[in-house]
1. So what's the angle, to the nearest 10 degrees on a 0 to 90 scale, between helix 286-304 and the longest Cα principal axis of the chain?
2. Beyond a 28 Å Cα-Cα separation, which of these cross-linked pairs lie in this structure: LYS67/LYS322; LYS72/LYS427; LYS316/LYS429?
3. Expressed in nm to one decimal, what extension gain is obtained for the pair GLU287 and ILE107 from 0.36 nm per residue of sequence separation less their Cα-Cα distance?
4. Accessible area per residue, 1.4 Å probe, Å², for segment 162-293: what's the number?
5. How do the peptides 44-57, 398-411, 119-132, 346-359 rank, highest first, by the average count of neighbouring beta carbon atoms within 10 Å per residue?
6. Where does each of 244-252, 321-329, 302-310 land if you order them by average Cβ count within 10 Å, highest first?
7. Under 19 Å Cα to Cα from LYS61, which aspartates and glutamates show up? Leave out anything in the same chain fewer than 8 places away.
8. Against the longest principal axis of the chain, how steep is helix 38-51, in degrees 0 to 90 to the nearest 10, with axes from Cα atoms?
Amino acid sequence: MNSKKSKGNPWALLPLGIFLILFVGSGIMTGDFYAMPVLVAFLLASVAAFMFNRKEHFNDKVAIFCKGAGNKNIIMMVMIFLLAGAFSGVAKAMGGVDATVNLSLSILPPNLVVVGLFIIAGFISVSMGTSVGTITALTPVGLGVAEATGIPVALVVGAIVGGGMFGDNLSIISDTTIAAVRTQGCELKDKFKVNFLIVLPAAILALIILFVMTSQYQVDLTEVYQVEWMKVIPYVAILVGALLGINVFVLLGGGIVLAGIIGLATHSFSLLNLITATSDGMAGMQELAMICIVVGGVLELIKHNGGIDYLLSLIKSRIKSKKGAEFGIATLVSVIDLCTANNTIAIVMAGPLAKEIADEFDIDPRRSASLLDIFSSCWQGLIPYGAQVLGAAGLAAISPMEIVKFVHYPMLMGIFGILAIIIGFPKLKK
């Protein structure tokens, strides 16, 4: 490979620039960062990718695009997304979310109500694999707590957002975890263990801060919550099965069947409703699946035209050590998340480049996957134009900026992520 080719071609990155201009520009102009659909922005960017290098036959470009779009990791990721969506849809339809909330609130000491809401949000988010769904489900509960106790609404909601991000970052069925693991080539359970060790101190410190800030309030929760233990079982089974190393397809397929059986046994839905819930759950993941396919194709064209080589050359010229490479991965995914306001898309976009950097500097895939998830989730929980904070603010009828200052966990997650890079924690065995 000659030196010119190894340095790549910066113009090949034009499609990414167009995507950012379309997505971020529309957000700035309209004040709504979700005004421009991500998929539409990427499709328009792909036009630029196809127009690049006019000497190459168009059919050859199509073949290159399809090669990237049909990459085995992309397709496997799509299938896992669909199964995860189906599981979440069935589990929610049979009452799993309400059962989990009621179970958590029934065992919650009144003086630890806000601390408990963080823990509940974490558990539900780990179980459901979605911070947005968790925040949507729990924010109305948090509003009731704030009204009954006099604790500021922004503080209570901030605790819920923080807990949601904690669980989403670690969940075995979260789209961010799936994307990080598939792009880096490691096992779900291994990424979970490394990730958990890095963020656990951040979660503990966030709980301490919440306890100190709410200890002055008198809380008396007298409502009796009905607990349906059976409906919590599918979530627990998914978590335990993942930690035991069960194949993710078997795990999610079994989870769907288990949730379906429990739903039918408890008369939570009929067989037709079960089928509908499965379909709706998968439908909720279809846009994300299509985005992954299009991104895979566009990135393959960019790679073919020298864009990835240019980025690697640029980053490597500024990286002098393994720690520098880890900071490079963290910075890369952070910048993309700040631009796209979507941590999953940030990981899908940064993943291939992060893999190249990790291979070059001998960074363990478990660690690179953890860094991608940690730093994308860190910023996603803090940006006031992200779905998590925006959704919570809308439900609570307050400004997103009021919530951000109380979302302690994502701040601490970023800090402990940086410390993990500096001190090389945790030490990993080959």
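The values are calculated or read from the model by the stated rules, or taken from the named source; none is laboratory data. For clarity, every value in this text was computed on a predicted model and none was experimentally measured. Cβ placement follows ideal geometry from the backbone for every residue including glycine, while neighbour counts extend to all protein chains displayed. To get the accessible areas, we keep the full protein, side chains included, count just its heavy atoms, and leave off ligands, DNA and RNA. Shrake-Rupley method; radii C 1.70, N 1.55, O 1.52, S 1.80 Å.
1. For 286-304 against the chain, the angle is about 30 degrees.
2. Values: LYS67/LYS322 31 Å; LYS72/LYS427 30 Å; LYS316/LYS429 26 Å.
The pairs that break the limit, which is 28 Å between Cα atoms, are LYS67/LYS322; LYS72/LYS427.
3. Extra length from GLU287 to ILE107 when fully extended: 61.0 nm.
4. With the other protein chains kept in place, segment 162-293 gives 47 Å² per residue.
5. Put in order of decreasing packing, that is 119-132, 346-359, 398-411, 44-57.
6. In descending order of packing, they fall as 302-310, 321-329, 244-252.
7. Within the straight-line limit of under 19 Å, LYS61 reaches these aspartates and glutamates: GLU300, ASP309.
8. Helix 38-51 sits roughly 10 degrees off the main axis of the chain.
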